[in-house]
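J.: Handing you a structure now.
Coordinate-derived values only; no laboratory data. Given the structure is predicted, the values throughout are model-derived calculations rather than measurements. Ideal geometry is used to build each Cβ from the backbone, glycine not excepted, and the neighbour counts take in all protein chains shown.
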Amino acid sequence: MQTFDFDRPAGRQGSGCVKWDDIHYDDLIPLWVADMDFAAAPCIQQALYRRWQHGVYGYEHVPERFYRSVMRWFEEEHGWSIAREAIIPVTGLVPSLNALFRELVSPGDQVIVQTPVYNGFLSSFPNNDIELVANPMVYTDSRYTIDWDDLEQKAALPKTRMLLFCNPHNPGGRIWTREELSRVAAICRRHDLLLISDEIHCEVTPMGIAYTPMGTMDEIKDRLIVFTSPGKGFNLAGLGIANVVVPDGALRQRVHHALDRGMVTEVSIFGVTALQAAYDEGKEWLQAVNEYIGANYRFLCSYIHEHMPRLGVTQLEGTYLAWVNHSAFPYTSAEVEQTLLHQYHVRVSAGTFYSSDGEGFMRINLACPRAQLEEGLKRMIPIFT
Ligand SMILES: Cc1ncc(COP(=O)(O)O)c(C=O)c1O
């Protein structure tokens, strides 16, 4: 059994990374951007090192091993059998989403999202003149659920073409159950909608709750596009590697065309190498990092309970993102973000970054050494007591 040291500070300040170097304060505690302050698994670092040592970095085909790694990983870890030809390697999911918006829906069409939701979804709408139709989630007992009546109603609108779904949900923290996925699938079928299910956070299951892939819902296969990536779970965002999975052959042709036209299928050799190492050899590290994040979440809950009891913590199922309710205080999300950043040098994400339905919340990234999280929380006490 290998051990991994997640307590060690990552030493990222000055490395040019967005999370630490976007705004400079010597004593900054960044708890915002969704990447981890942990070095990648040793098996990934070693694989990259071996590839780097070769010294020649020209154009390459994606090797068969890559596809086998993806197929084996999803079959063994998540019980989802993916056909080899269904997998389209891409450089990133947000550019893929934009490419698909340009090709599969037309300007003026409507696409539904469950808000509050990942900001990269939100910006894709105005970029492509697509109208966002919000299906705001219902927040009860610190947990989100889907407003089914509202979803059914929005799905029936004449210009609605697609549902853009997020599983696990960022920032809501939900891992949708099989029953919920099945209801979503049925609504898409009933109203003839395409379904994009973004499952980038699927490896981040810190509370031991299993994720169910939308791809295991047979009833939706002919209209389903799934986004997967080792980017979040294995912390490889800077390597630009992900996959778009399309089970249906006819739809896949359209998707492939869109992604080729969008120039997102020329993946980097280092991304390919890292993905293979992650899926082939990274399981132990992933389990360890999930345990550490789970313990960080429990730490955050008890720290807040003890020192800032008027804050509310959303139940976490998936992702490493705590969604904290500060609506008992008379500050907007933007005010909280700005005050924490400029007075206390701790950076969180304002809830409104994830649509206006995120007002009254802040998002805190748990994927960092515990001491960093503790220091960030400590600095929040003056404004939340
Ligand atoms: C739901 C979701 N999709 C996609 C991304 C980004 O994907 P990529 O880096 O492959 O564009 C993120 C990053 O936070 C995310 O939360």
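J.: So if each residue of separation counts as 0.36 nm, and I subtract the Cα-Cα distance between A250 and V56, what length gain in nm does that give?
T.: 66.1 nm
J.: Could you give each residue of the stretch 281-288 its phi-based ³J(HN,Hα) in whole Hz, using Karplus coefficients 6.51, -1.76, 1.60 with θ = phi - 60°, and x for Gly or Pro?
T.: Once θ is set to phi - 60°, the couplings for the stretch 281-288 become 10, x, 4, 5, 4, 4, 4, 5 Hz.
J.: Take each of the peptides 175-184, 20-29, 285-294, average the number of other beta-carbon atoms within 10 Å over its residues, and list them starting from the highest.
T.: Going from most to least packed, we get 285-294, 175-184, 20-29.
J.: Among DSSP bridges having both ends in the chain, what percentage is antiparallel? Round to the nearest 5.
T.: Just about 50 percent of them are antiparallel.
J.: Further, regarding this structure: Provide the FRET efficiency to the nearest 0.05 for the E64-D260 pair, computing r from the beta carbons and using R0 = 22 Å.
T.: Rounded to the nearest 0.05, the efficiency is 0.65.
J.: Could you order peptides 198-208, 73-83, 164-174 by the average number of other Cβ atoms within 10 Å of their residues, highest first?
T.: 164-174, 198-208, 73-83
J.: Moving on. Just report the Cα centroid separation between the stretch 16-43 and the stretch 305-369, whole Å.
T.: Computed from Cα coordinates, the inter-centre distance equals 17 Å.
J.: Assign unit charges at the C-beta atoms only (+1 for Lys and Arg, -1 for Asp and Glu), then state the dipole size of the stretch 310-385 relative to its Cα centre in Debye, rounded to the nearest 20.
T.: My answer is approximately 240 debye.
J.: Compute the length gained on full extension between E374 and Q287: take 0.36 nm times their separation in residues and subtract their Cα-Cα distance, giving the result in nm to one decimal.
T.: 29.1 nm
J.: Roughly how compact is the chain, stated as its Cα Rg over 2.2 N^0.38 Å to two decimals?
T.: Rg over 2.2 N^0.38 Å, computed on Cα atoms: 0.97.
J.: May I pose another question? Which order do the peptides 256-262, 361-367, 346-352 take when ranked by the mean count of other beta-carbon atoms within 10 Å per residue, highest first?
T.: 361-367, 346-352, 256-262
J.: Quick one: putting +1 on the C-beta of Lys and Arg, -1 on the C-beta of Asp and Glu, what dipole do you get for the stretch 244-378 around its Cα centre, in Debye to the nearest 20?
T.: 140
J.: Sticking with this structure for a sec: Charges on Cβ only, +1 for Lys and Arg, -1 for Asp and Glu, centred on the Cα centroid of the stretch 55-281; of H257, Y144, F66, which one is farthest towards the dipole's positive end?
T.: It is H257, whose Cα lies furthest towards the positive end.
J.: Which whole-Hz couplings ³J(HN,Hα) result when phi for each residue of the stretch 119-125 is put into the Karplus expression 6.51 cos²θ - 1.76 cosθ + 1.60, θ = phi - 60°, listed in order with x for Gly and Pro?
T.: Those phi angles translate into 4, x, 5, 4, 6, 5, 6 Hz.
J.: Please list, or write none, the lysines whose alpha carbon is within less than 26 Å of the alpha carbon of K378, excluding same-chain residues fewer than 8 places away.
T.: K378 reaches K19.
J.: How compact is the stretch 55-281 by the rule of thumb for globular proteins, expressed as Cα Rg over 2.2 N^0.38 Å?
T.: Compared with the compact-globule rule of thumb, the stretch 55-281 sits at 0.98.
J.: Magnitude of the Cβ-charge dipole of the chain, K/R +1 and D/E -1, about the Cα centre, nearest 20 debye?
T.: Here the size comes out at about 300 debye.
J.: Among I241, N296, F384, which residue has its Cα positioned farthest towards the positive end of the charge dipole of the chain, with +1 placed on the Cβ of Lys and Arg, -1 on the Cβ of Asp and Glu, and the dipole taken about the Cα centre?
T.: Ranked along the dipole, the leading option is I241.
J.: With labels modelled as points extended 7 Å from the Cα through the Cβ direction, what inter-label distance (nm, one decimal) is found for E77 paired with E359?
T.: 3.9
J.: Another question, if that's okay. Report the extension gain between S268 and D129 in nm, rounded to one decimal, defined as 0.36 nm multiplied by the number of residues separating them, less their alpha carbon distance.
T.: Stretched fully, the S268-D129 segment lengthens by 47.0 nm.
J.: Okay, next question. In sequence order, what are the phi-derived ³J(HN,Hα) couplings for the stretch 228-244 according to the Karplus relation 6.51 cos²θ - 1.76 cosθ + 1.60 with θ = phi - 60°, rounded to whole Hz, with x for glycine and proline?
T.: For the stretch 228-244, the Karplus curve yields 10, 5, x, x, 7, x, 9, 6, 10, 4, x, 8, x, 9, 7, 9, 9 Hz.
J.: Something else now. Can you return the lysines within cross-link range of K159? Criterion is Cα-Cα under 23 Å, with same-chain partners fewer than 8 residues away left out.
T.: Counting by Cα, and skipping residues close in sequence, K159 has these lysines nearby: K221.
J.: Amide H neighbours of I29 under 5 Å, at least 5 residues apart or on other chains, H built in the peptide plane: list them.
T.: V346, R347
J.: Amide H neighbours of G233 under 5 Å, counting only residues 5+ apart in sequence or on other chains, H built in-plane at 1.01 Å?
T.: Sorted by chain and number, the residues that satisfy this are E203.
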